[in-house]
Amino acid sequence: MRLGVLDIGSNTVHLLLVDAHPGARPVAFASHKRPLSLVQYLDGDGNINDDGQNELIEFVLEAWEFAARHKAEDLLAFCTSAIREATNGAEVLARVKHETTVTLQELTGSEEASMTFFAVRRWYGWGAGPILDLDIGGGSFEMAYGTDELPEFATSVPLGASRLTRDWLHDDPPSAKSVKELRRYIRSTLKPVVRNFHELGRANLVAGTSKTFRSLARIAGAAPSGAGPYVKRELHAADLGLWAQRISAMKVEDRLYLPGVSDARARQLLAGALVAEAALELFEFPKMEICPWALREGLILRRLDQLVFEEAVDPAPHVGKRKKDKSKKKAGKEGDKKTDSDEPQTTFEEFPVPVNNPAPAPIPAPMAGGLAS
């Protein structure tokens, strides 16, 4: 089935369409996104102003039409810290629903961390053992730890790269004093939270799951995105310390010459590096691995699990098909001779598969003046 995920983040708004089946990895089909830093539209009282709301509504309409045009069968729409922490967040969500008919699900910080962890676990598998996942967004920083598919502990703190840049790093390049004060603030915010994680045990693997981590790893020498998702990418604490110092001395326009740094990320790159550096130091790990799956993939995989449970979709075609053993078939023709084992010789275990389940209804095409419900 074709599934759409509409992600209203703090830095970008992004619709991802994937072709996905239970038991198969989601494969990206198409993407539609634009930079939209909602935190830049906050007024003095913490409200998202009319300009920001209008930009958001315009994109949601575009995304809905894009999904309908490409025959998406299901759409997940969610928002994170930018709307969650806005003073008028509830009013913004209500307006979006009224003008577009799209309901944006507001994820809490712990839900966001949990779904990202879920994706990480699916990527690395059970063999990875205990995992610590770190995710730097525009408005918040999520952390989660666990040994199962869902974390034992997941939390969020207001240390997003865009937020910290707006509140602490006003000059270009920033002053040494502002960088020092921001370092102190990040550590004082993280220390009491990290203590809670230490009580749970030590992870075998630290995963970084965000564009900020990917950019920092690329600057430090990791393979470019064009090399594909299966190339191992790491980010070392020693490199972070060196690059945080270098970036702090660079103007925003000069950061654009660094590999993997986009216009939208250049300004907040330093704040992200300082958070990453502090996190590895306080968690006492020398490095992290960059995981290509994050929140969107977690929501997709969780949705597929739900649809299977509800018997709304079938697994991928190869799942549950029995492959007969030719040697046994031949033995039967020769007088039912026994093989080395009396057990059935199959290559697959056969799983019960729902039969003739209707597929979810396609997303209706938009109508004039709004969208079909």
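The values are calculated or read from the model by the stated rules, or taken from the named source; none is laboratory data. Since the model is a prediction, treat every value here as computed from it, not as a measurement. In this analysis, Cβ positions are derived from the backbone assuming ideal geometry, glycine residues included, and neighbour counts consider all displayed protein chains. Note: accessible area is taken over every heavy atom of the protein model, side chains too, but ligands, DNA and RNA are not part of it. Shrake-Rupley method; radii C 1.70, N 1.55, O 1.52, S 1.80 Å.
Closer than 29 Å to P292 by Cβ, assigned to a loop (DSSP other than H, G, I, E, B) and of a type in the set (A, V, I, L, M), is that true of A24? Explain how you work it out, then say what you get.
Numbers: closer than 29 Å to P292 by Cβ: yes; assigned to a loop (DSSP other than H, G, I, E, B): yes; of a type in the set (A, V, I, L, M): yes.
When the stated conditions are applied, A24 passes them.
Out of E112, E142, E181, E99, report the one residue that is more than 30 Å from W64 (Cα to Cα) and either surrounded by 24 or more Cβ atoms within 10 Å (Cβ to Cβ) or at pLDDT 95 or above (or both). Before the answer, list the steps.
Working: E112 fails: more than 30 Å from W64 (Cα to Cα); E142 fails: more than 30 Å from W64 (Cα to Cα); E99 fails: more than 30 Å from W64 (Cα to Cα).
Result: E181 is the single residue among E112, E142, E181, E99 that is more than 30 Å from W64 (Cα to Cα) and either surrounded by 24 or more Cβ atoms within 10 Å (Cβ to Cβ) or at pLDDT 95 or above (or both).
So the check is Cβ under 8 Å with 6+ separation or different chains; which pairs have a first residue in the range 228-248 that's more than 17 Å from P173 (Cβ to Cβ) and a second one that's exposed (fewer than 14 other Cβ atoms within 10 Å of the Cβ) and not β-branched (V, I, T)?
V231/A223; R233/A223; H236/P286; A237/P286; A238/P286; D239/G221
Is it true that E106 is open to solvent by 30 Å² or more (accessible area, probe 1.4 Å) and of a type outside the set (G, A, S)?
When the stated conditions are applied, E106 passes them.
May I ask you to verify whether Q40 is assigned to a helix (DSSP H, G or I) and under 19 Å from A161 (Cα atoms)?
yes
Mind listing whichever residues of the range 94-140 are more than 15 Å from the chain's Cα centre (by Cα), of a type in the set (A, V, I, L, M, F, W, C) and in a helix (DSSP H, G or I)?
A94, V96, W126, A128
Please enumerate the residues belonging to the range 146-166 that are surrounded by 24 or more Cβ atoms within 10 Å (Cβ to Cβ) and free of Cβ contacts under 8 Å to residues at least 60 places away in the same chain.
Within the range 146-166, just P151 meets the criteria.
Has the range 189-196 got any residue that is touching a strand residue (DSSP E or B) at 6+ places or on another chain (Cβ under 9 Å) and surrounded by fewer than 14 Cβ atoms within 10 Å (Cβ to Cβ)?
Within the range 189-196, one or more residues are touching a strand residue (DSSP E or B) at 6+ places or on another chain (Cβ under 9 Å) and surrounded by fewer than 14 Cβ atoms within 10 Å (Cβ to Cβ).
In the range 172-180, is there at least one residue being touching a Phe, Trp or Tyr at 6+ places or on another chain (Cβ under 7 Å) and under 20 Å from E281 (Cα atoms)? Let's see the steps before the verdict.
At the first step, the residues of the range 172-180 found to be touching a Phe, Trp or Tyr at 6+ places or on another chain (Cβ under 7 Å) are 178.
If we keep only those that are under 20 Å from E281 (Cα atoms) as well, we get none.
No, that holds for no residue.
If you take just the helices (runs of 4 or more DSSP H) that sit entirely in the range 214-290, which of them hold at least 2 residues that are more than 13 Å from L134 (Cβ to Cβ) and open to solvent by 20 Å² or more (accessible area, probe 1.4 Å)?
Hits in the range 214-290: 237-248, 252-255, 263-266.
Given (1) within 18 Å of the chain's Cα centre (by Cα); (2) surrounded by 18 or more Cβ atoms within 10 Å (Cβ to Cβ); (3) touching a residue at least 40 places away in the same chain (Cβ under 8 Å), where does F29 come up short, assuming only one miss?
It is condition (2) that F29 fails.
Checking T212 against (1) in contact (Cβ under 8 Å) with a residue 60 or more places away in the chain; (2) more than 18 Å from the chain's Cα centre (by Cα), which single condition isn't satisfied?
All conditions pass for T212, except number (2).
Only one residue in N54, N49 is open to solvent by 60 Å² or more (accessible area, probe 1.4 Å) and over 22 Å from the mean Cα position of the chain (by Cα), so which one is that?
On inspection, the qualifying residue turns out to be N54.
Mind counting the residues in the range 60-81 that are crowded, with 22+ Cβ neighbours inside 10 Å and farther than 11 Å from D7 by Cα?
Total meeting the criteria: 5.
Which condition from (1) part of a helix (DSSP H, G or I); (2) open to solvent by 20 Å² or more (accessible area, probe 1.4 Å); (3) hydrophobic (A, V, I, L, M, F, W, C) is the one that L200 breaks?
Just one mismatch for L200, condition (1).
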